[in-house]
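*Asks:* The structure's right below; bear with me while I get my questions together.
The values are calculated or read from the model by the stated rules, or taken from the named source; none is laboratory data. This is a predicted model, so every value here is computed, not measured. Note that we place each Cβ from the backbone using ideal geometry, even for glycine, and neighbour counts take in every protein chain shown.
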Amino acid sequence: MATQEIIAGEEDRLLSEVRDSIAWITFNNPARMNAMSRDMWEGATALLDQYAADPEVRAIVLTGAGDRAFVAGADISKFENERASTDARMAYDRAVTGFHAAQARIAKPTIARVNGYCIGGGLAVAIGCDIRICSEKSTFGVPAAKLGIGYKAKGIKELERLVGPAFTAEIFYTARQFTAEEARIMGLVNRVVPEAELDAALSDLVDRIAVNAPLSIRAVKEALIEHGKLESEQDLSAHYATVEQCGTSDDYTEGRTAFMEKRRPNFTGR
């Protein structure tokens, strides 16, 4: 049974629910193509932390409301209040940084479902997910150079880690929007499908994740988290502990038994 929550805010700009062990977070500002306000960043951070701690949640999907955009950057209509002073800009930046820090520490699979514009801060949200699946009509870009914005090294590194230095340079230098197929060729997205097939493709993906052993997936995610850091900052102790836990877990016994009995295993994460 789905559990629905609405994070209260101006016009309920964030929606969330859990369906069949998959948590969904929806950026709900379709009139502005799901552009992000400070409250939305802070609310999404709280949701990520909540689902990271929920043992019933196997994976988290992030998506945008409507059929025009995933997230089209920051909500400019909020700038007068949210970026009108140095203190306000710092508070906004802390909210954005807090969200990306929450994304980076989640030891569960995260998937971006992109249908439409995925621009600027929206692209950063998608990049922060483990997997990106998008419709053919989706477009991607970072318009910083058209706005005179200095993009910080950490964000540049995250993009470079996915697409390499040459495509990173092209994305930032030109500031143009790239098609879904161009994004796929770059390695920016995992899969491109017709819009009518997006939800079916996503459902197939998350269903496959949800039935697999959570500890096995956690071990991989913990390694990916550490590999994304500077070598001097890496700490694989949690990863190695999870690998050891896999070997003595009920799920390991269940996996072997199900294989011998030629049936689908029922993993519990223990």
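*Asks:* One residue is enough: does the stretch 232-246 have a residue meeting the conditions touching a helix residue (DSSP H, G or I) at 6+ places or on another chain (Cβ under 6 Å), among the aromatic types (Phe, Trp, Tyr) and either assigned to a helix (DSSP H, G or I) or touching a residue at least 24 places away in the same chain (Cβ under 8 Å) (or both)?
*Replies:* no
*Asks:* Between Asp93, Asp39, Asp49, Asp87, which is assigned to a helix (DSSP H, G or I), surrounded by fewer than 23 Cβ atoms within 10 Å (Cβ to Cβ) and at pLDDT 95 or above?
*Replies:* Details: Asp93 fails: at pLDDT 95 or above; Asp39 fails: at pLDDT 95 or above; Asp87 fails: at pLDDT 95 or above.
Going through Asp93, Asp39, Asp49, Asp87 in turn, the sole match is Asp49.
*Asks:* May I pose another question? Looking at Glu233, is it exposed (fewer than 12 other Cβ atoms within 10 Å of the Cβ) and either more than 23 Å from Arg105 (Cα to Cα) or over 25 Å from the mean Cα position of the chain (by Cα) (or both)?
*Replies:* Details: exposed (fewer than 12 other Cβ atoms within 10 Å of the Cβ): yes; either more than 23 Å from Arg105 (Cα to Cα) or over 25 Å from the mean Cα position of the chain (by Cα) (or both): no.
The answer is no for Glu233.
*Asks:* Now for a separate question. In the stretch 247-270, how many residues are outside any loop (DSSP other than H, G, I, E, B), within 23 Å of Val57 (Cβ to Cβ) and either of a type outside the set (Ser, Thr, Tyr) or in contact with a His (Cβ under 9 Å, 6 or more places away or on another chain) (or both)? Working first, answer last.
*Replies:* From the stretch 247-270, those outside any loop (DSSP other than H, G, I, E, B) are 247, 250-260; that's our starting set.
After this cut, where a residue has to be within 23 Å of Val57 (Cβ to Cβ) as well, the list is 250-252, 254-255, 258.
Imposing the further condition that a residue be either of a type outside the set (Ser, Thr, Tyr) or in contact with a His (Cβ under 9 Å, 6 or more places away or on another chain) (or both) reduces the set to 250-251, 254-255, 258.
Residues flagged as outside any loop (DSSP other than H, G, I, E, B), within 23 Å of Val57 (Cβ to Cβ) and either of a type outside the set (Ser, Thr, Tyr) or in contact with a His (Cβ under 9 Å, 6 or more places away or on another chain) (or both) within the stretch 247-270 amount to 5.
*Asks:* Does the stretch 116-131 hold any residues that are touching a Leu at 6+ places or on another chain (Cβ under 7 Å) and surrounded by 23 or more Cβ atoms within 10 Å (Cβ to Cβ), and which are they?
*Replies:* If the condition is that a residue be touching a Leu at 6+ places or on another chain (Cβ under 7 Å) and surrounded by 23 or more Cβ atoms within 10 Å (Cβ to Cβ), then Val125 is the only one that fits.
*Asks:* Determine which member of the set Ala166, Ala183 is crowded, with 17+ Cβ neighbours inside 10 Å, among the small types (Gly, Ala, Ser) and at pLDDT 95 or above.
*Replies:* Values: Ala166 fails: crowded, with 17+ Cβ neighbours inside 10 Å.
Exactly one residue qualifies, and that residue is Ala183.
*Asks:* Taking the conditions exactly as written (of a type in the set (A, V, I, L, M, F, W, C), more than 22 Å from the chain's Cα centre (by Cα), farther than 22 Å from Gln103 by Cα and surrounded by fewer than 16 Cβ atoms within 10 Å (Cβ to Cβ)), does Phe259 satisfy them or not?
*Replies:* Yes.
*Asks:* Tell me which residues, restricted to the stretch 23-36, are over 13 Å from the mean Cα position of the chain (by Cα), of a type in the set (A, V, I, L, M) and not in a helix (DSSP H, G or I). Break it down into steps so the answer makes sense when it comes.
*Replies:* From the stretch 23-36, those over 13 Å from the mean Cα position of the chain (by Cα) are 28-36; that's our starting set.
Those still in the list that are of a type in the set (A, V, I, L, M) too: 31, 33, 35-36.
Of everything in the stretch 23-36, those that are over 13 Å from the mean Cα position of the chain (by Cα), of a type in the set (A, V, I, L, M) and not in a helix (DSSP H, G or I) turn out to be Met33, Ala35, Met36.
*Asks:* Here is a follow-up. Among all residue pairs at least 6 apart or on different chains, which show Cβ distances below 7 Å where the first residue, located in the stretch 156-183, is free of Cβ contacts under 8 Å to residues at least 40 places away in the same chain and the second is loosely packed, with under 14 Cβ neighbours inside 10 Å and assigned to a helix (DSSP H, G or I)?
*Replies:* Ala175/Lys146
*Asks:* Would you check if there is a residue in the stretch 196-210 being modelled with pLDDT under 95, within 20 Å of the chain's Cα centre (by Cα), surrounded by 16 or more Cβ atoms within 10 Å (Cβ to Cβ) and not β-branched (Val, Ile, Thr)?
*Replies:* Looking for residues that are modelled with pLDDT under 95, within 20 Å of the chain's Cα centre (by Cα), surrounded by 16 or more Cβ atoms within 10 Å (Cβ to Cβ) and not β-branched (Val, Ile, Thr), one finds at least one in the stretch 196-210, hence yes.
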